[in-house]
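Note sheet for the following structure.
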Amino acid sequence: MAKAIYPGSFDPAHNGHIDIARRAATVFDELVIAVYKSPPTKRLMFSTEERVEMFQESVSDVPNISVVPFTGLAPVVARENGAQFIVRGLRAGLDFELEFEMALMWRHVAPDIDVVCIMSSLDYQFVYSSRIKEVASLGADVSELVPPHIAEALASRINE
Ligand code: ADP
């Protein structure tokens with residue numbers, strides 16, 4: 001059985017992430033979305049529980065996807081979950097260099113775990129969680145970039 005984890009901050013999940021997760025779920029028998037509890041370099045808008053719940057609701061119709069919080073190194077988490085693969089999404093440009101560098105470090109840590117990159121769909125090339133939060137805070141309509149429940153969560157967090 002081929003099992004993968006898809007790690008990320010997902011603060012919040014957007015249509016680009018959800019597209020990668022849905023496509024990965026057609027490749028692997030089981031996909032675990034691993035939501036990074038406290039990424040060291042990011043200021044988060046949503047709590048771990050909120051990020052897990054938002055992703056869960058976005059893929060609730062896909063039976064072989066589960067969503068869990070995680071902390072620590074992704075390849076170690078993959079092993080602990082019995083997964084042989086780590087899925088990452090690639091947008092054009094900078095992502096490749098960063099993902100390649102990280103994949104080599106992860107391979108150093110856990111040579112038994114392989115990284116599988118899935119290319120972003122054309123529609124989501126420019127979609128970044130950080131940009132969505134920024135423009136939503138400035139009043140932009142982001143309803144084409146995130147599912148409705150996440151657009152609502154963003155609006156209410158911004159209005160708090
Ligand atoms: P991280 O903090 O690990 O980069 P993110 O939540 O930003 O976490 O992203 C998780 C994964 O999803 C990464 O592999 C990232 O490249 C990928 N990703 C982010 N946005 C998109 C997008 N618009 N299309 C495809 N993949 C994406």
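The numbers here are math on the coordinates, done by the rules we state, and not lab data. Because the structure is a prediction, the values reported are computed rather than measured. With ideal geometry, Cβ positions are generated from the backbone for all residues, glycine too; neighbour counts draw on all protein chains shown.
Descriptive notes on the structure:
- Considering only beta bridges that DSSP places wholly inside segment 1-125, some 0 percent are antiparallel.
- Extension reserve of the Val116-Ile158 stretch, reckoned as 0.36 nm per residue once the Cα distance is removed: 11.6 nm
- Taking label positions 7 Å along the Cα-Cβ direction at both Asn64 and Asn81, the computed distance is 1.5 nm, reported to one decimal.
- Least to most buried among Thr48, Thr41, Thr71 (fewest other Cβ within 10 Å first): Thr41, Thr71, Thr48
- Principal axis extents of the C-alpha atoms in segment 3-158 (largest first, rounded to whole Å): 46, 32, 29.
- For the chain, the dipole from Cβ point charges (+1 on Lys and Arg, -1 on Asp and Glu) about the Cα centre works out to 340 debye, to the nearest 20.
- Taking N as its residue count, the alpha carbon Rg of segment 108-158 over 2.2 N^0.38 Å: 1.59
- Segment 54-160, relative contact order in percent, only Cα pairs under 8 angstrom and at least six apart counted: 24 percent
- Cut-off 10 Å between beta-carbons: net charge of the residues surrounding Leu145, Lys and Arg +1, Asp and Glu -1: -2
- Cβ crowding within 10 Å, taken as a proxy for footprinting-reagent exposure, orders Asp95, Asp141, Asp123 from fewest neighbours to most as Asp141, Asp123, Asp95.
- Given 14 as the ceiling on other Cβ atoms within 10 Å, longest exposed-site-free region of the chain for trypsin sites (Lys or Arg not before Pro) in DSSP loops: 44-160
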